[in-house]
Amino acid sequence: GVAFTALMERYRDRVWRVCWRLIGSTHDAEDAAQEVFVRLFFDRGRFAGRSRYSTWLHGVAIRTCLSLRRGRQRRRRRETPESSVAAESGPVAGRPDPQAPAAAAGDAAHDAEAMLAGLDEEDRALILMKFGEGHDYEALAEMFDSTPGALRMRVSRIRERLAAAPGRTTGTAR
């Protein structure tokens, strides 16, 4: 109804941004964001109020995107190279292309994306939600069904792996 439409309006851009960060393709992020709101509608009774609604919504977005990304990777393994190139598309009407600023940022953005690409799906999502979206460990614990202490340790280990990655020549990943 009207209340759900208001929630969609309020969180649409935020959900799309999270989906784009986790999936990487403008077109696929649109599809994922739509799927997130479908799931939110059908699962709206599951919100227990233990956290902010936005935290719960981000958790649904993360799980949805990880599921869609895994499915997409399985499909791409079965596709021919020609059809997978055709599956990528440009910006969606009415939305800025988030890839354009990243390309203009140069090598630093490329290096960061390459480092994130080397992480497994959940670790990548955790790092993006922590540092890209700025969530604290308590909110992340709710999203990832874990504890703040466990996630602090996990982030620390991810940082260590990234700092020790081959080709890493400057500083630490703090």
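Summary of values
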| quantity | calculated |
| --- | --- |
| Residue within segment 149-170 that is exposed (fewer than 11 other Cβ atoms within 10 Å of the Cβ) and at pLDDT below 55 present | yes |
| Test result for Arg69, at pLDDT 85 or above and either surrounded by 11 or more Cβ atoms within 10 Å (Cβ to Cβ) or more than 19 Å from the chain's Cα centre (by Cα) (or both) | no |
| Segment 134-149 residues that are in a helix (DSSP H, G or I), paired with ones that are open to solvent by 60 Å² or more (accessible area, probe 1.4 Å) (beta carbon under 6 Å, 6 or more apart) | Tyr137/Arg152; Ala141/Thr147; Pro148/Glu138 |
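Listed here are the residues, each with its yes/no results for (1) of a type in the set (Phe, Trp, Tyr); (2) in a helix (DSSP H, G or I); (3) modelled with pLDDT of 90 or more; (4) surrounded by fewer than 16 Cβ atoms within 10 Å (Cβ to Cβ).
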| site | (1), (2), (3), (4) |
| --- | --- |
| Phe4 | yes, yes, no, yes |
| Tyr11 | yes, yes, yes, no |
| Trp16 | yes, yes, yes, no |
| Cys19 | no, yes, yes, no |
| His27 | no, yes, yes, yes |
| Glu30 | no, yes, yes, no |
| Val38 | no, yes, yes, yes |
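The values are calculated or read from the model by the stated rules, or taken from the named source; none is laboratory data. No experiment lies behind these values; they were computed from the predicted model shown. Ideal geometry is used to build each Cβ from the backbone, glycine not excepted, and the neighbour counts take in all protein chains shown. Accessible surface is based on the protein model in full, side chains and every heavy atom, while ligands, DNA and RNA are left aside. Shrake-Rupley method; radii C 1.70, N 1.55, O 1.52, S 1.80 Å.
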